[in-house]
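S.K.: Dropping a structure here in structure tokens format, bear with me for questions.
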Amino acid sequence: MVRRNPLIARSAQPQVEALLRQFPAVALLGPRQAGKTTLARALARARGRAAVYLDLEMPSDLARLTDPEHYLASQEGALVILDEIHRLPGLFQVLRGLIDRGRAEGRRAGRFFVARVGLDRSAQAVIRNARRAHRLCGAHCVA
Ligand SMILES: Nc1ncnc2c1ncn2[C@@H]1O[C@H](COP(=O)(O)OP(=O)(O)OP(=O)(O)O)[C@@H](O)[C@H]1O
Ligand SMILES: [Mg+2]
């Protein structure tokens, strides 16, 4: 019988949970194979139906975001987890718009969790702007 090794508890997980209670969006940036997806799935599991997990490397999940504004707006009330978000660079602008709109309507925390590898120039710019405006939490929580 093959027995799976139990997961090692990650200090990043309670940190991410705390940030999600405070900010509308939390970003997890880390190197390949650091455990980003595992952590993202653990967040989804803990929430059950109150979370939706999308892996943007999967064509079926990507297809759900053909009209991202409409799809994401339809998930209000759930934590939307967007793994491998670098596959859809234009999504950051949509998230920002939805976060702004949500804030005006009183939804201030725990809306989006995004994970991706590395930090290219567009991600750096988003995080810089986000920090400045307190819009997104650019937490560099390497899992
Ligand atoms: N908390 C953990 N305890 C034990 N093993 C883990 C843990 N988190 C991840 N792993 C293992 O590490 C490997 C990489 O995990 P995962 O796929 O979550 O990483 P990733 O950062 O999403 O990788 P990629 O950058 O390729 O998308 C997997 O084999 C996974 O089972
Ligand atoms: Mg992954």
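S.K.: Taking 0.36 nm per intervening residue step and subtracting the Cα-Cα distance, what contour gain separates LEU7 from ASP67 on full extension?
M.R.: Taking 0.36 nm per residue and subtracting the Cα distance, the gain is 18.0 nm.
S.K.: Something else about it: Using only the C-alpha atoms of segment 12-133, find the volume of their convex hull and express it per residue in Å³.
M.R.: In segment 12-133, the Cα convex hull volume per residue is 101 Å³.
S.K.: Also, quick follow-up: With point charges of +1 on the Cβ of Lys and Arg and -1 on the Cβ of Asp and Glu, referenced to the Cα centre of segment 12-133, which listed residue (TYR71, ALA40, GLY106) lies farthest in the positive direction of the dipole?
M.R.: Ranked along the dipole, the leading option is GLY106.
Taken together, the values in this text are just the output of simple stated rules run on the coordinates, not laboratory data. Fair warning: this is a prediction, and the values are worked out from it, not measured in the lab. As a convention, Cβ positions derive from the backbone with ideal geometry for all residues, glycine included, and neighbour counts pool all protein chains shown.
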